[in-house]
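What follows is one structure encoded as structure tokens, with my remarks underneath.
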Amino acid sequence: MKYIKKVREHFKKKPVFSIKDLRVFLKKKGISKEYSKLLIHNLVKEKEIQRITKGVYSFQKDLMVAGFAFSPFYYGLQDALSLRNLWEQETIPIIVTPRKVRPGIRKIMDSNVLIRRINRKMFFGFESVKHFDLWIPVSDAEKTLIDFTYFNEPLSKEVLKELKKKVDEKKLKKYLKKCPKNTVKKIRKPKA
């Protein structure tokens, strides 16, 4: 395992890396495909790296690197509310991606993570937010409001009121032009 130090140096700062990335890196050094499998196996066994999903790993212990295995992505819905301090509740990471991946709850790093698929036309409205040592994409207030409607997710009156305080009406109107008509209708419908 003489190449392990070079592998650590190269991949440690990246949120995630794939077995393919590792093979390309090792091939440049003249190392076989079998060696990369053995190296991954040993690193996982020693708990030095975490398996995120099939063929994707991370040296980092922070669960928030999980989204990078589903790039392009952003953290949204209840997770965005937590990351933007719009509510006090703890939530599992909610990864929103336009990729054709199986949606639903997954076990990653011994924790639950929710994967939500979104139409590619609806993949907008997020910005990078610092989460400890990591910059992660998180939906902005306007897109979070739209996503709750788009995914038919319930939202309490108190949280909705807090979220609406953060919404820029001009930006929301711009975003709504990209949304399906039924989503636009639900957002514009006055609350009784």
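The values are calculated or read from the model by the stated rules, or taken from the named source; none is laboratory data. From a predicted model like this one, the values you see are computed outputs, not experimental measurements. So basically every Cβ, Gly included, is an ideal-geometry build from the backbone, and we count neighbours across all protein chains shown.
The table below lists the values:
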quantity: Residue match in the stretch 147-157 (condition: assigned by TED's automatic domain parsing to the domain that holds Ala80, at pLDDT below 95 and of a type in the set (Phe, Trp, Tyr)); calculated: no
quantity: Residue ID - surrounded by the fewest Cβ atoms within 10 Å (Cβ to Cβ), chosen from residues in the stretch 15-31 that are touching a Lys or Arg at 6+ places or on another chain (Cβ under 9 Å) and farther than 23 Å from Arg102 by Cβ; calculated: Lys29
quantity: Where Phe124 falls short, out of the listed (1) assigned to a loop (DSSP other than H, G, I, E, B); (2) under 21 Å from Lys14 (Cα atoms); (3) among the aromatic types (Phe, Trp, Tyr); calculated: (2)
quantity: Only one of Val96, Val113 that is farther than 21 Å from Val159 by Cβ, modelled with pLDDT of 95 or more, outside the structural domain of Glu9 (by TED's automatic domain parsing) and touching a strand residue (DSSP E or B) at 6+ places or on another chain (Cβ under 7 Å); calculated: Val113
quantity: Residue check for Leu163: farther than 28 Å from Ala69 by Cα, touching a residue at least 60 places away in the same chain (Cβ under 8 Å) and either under 18 Å from the mean Cα position of the chain (by Cα) or not in a strand (DSSP E or B) (or both); calculated: yes
quantity: Among (1) under 24 Å from Met64 (Cα atoms); (2) out of contact with any Phe, Trp or Tyr (no Cβ under 8 Å at 6 or more places or on another chain); (3) outside any loop (DSSP other than H, G, I, E, B), the one test that Trp87 misses; calculated: (3)
quantity: Which listed residue, of Leu86, Leu77, Leu43, is modelled with pLDDT under 95, within 30 Å of Val129 (Cβ to Cβ) and surrounded by 20 or more Cβ atoms within 10 Å (Cβ to Cβ); calculated: Leu43
quantity: Matching residues, the stretch 23-40, being touching a residue at least 24 places away in the same chain (Cβ under 8 Å) and either closer than 19 Å to Phe68 by Cα or part of a loop (DSSP other than H, G, I, E, B) (or both); calculated: Lys29, Ile31
quantity: Unmet criterion (only one of (1) without any contact (Cβ under 8 Å) to a residue 24 or more places away in the chain; (2) closer than 24 Å to Ser156 by Cα) for Lys130; calculated: (2)
quantity: Where a residue in the stretch 8-19 is closer than 16 Å to Ile52 by Cβ and its partner, wherever it lies, is exposed (fewer than 15 other Cβ atoms within 10 Å of the Cβ), with Cβ under 6 Å and at least six apart; calculated: Ser18/Gly55; Ile19/Gly55
quantity: Check on Lys130, over 15 Å from the mean Cα position of the chain (by Cα) and among the basic types (Lys, Arg); calculated: no
quantity: Single residue of Ser32, Ser18 found to be outside the structural domain of Ser111 (by TED's automatic domain parsing) and over 28 Å from Arg106 (Cα atoms); calculated: Ser32
quantity: Counted residues, the stretch 114-161 - those being crowded, with 17+ Cβ neighbours inside 10 Å, among the aromatic types (Phe, Trp, Tyr) and closer than 20 Å to Ile92 by Cβ; calculated: 3
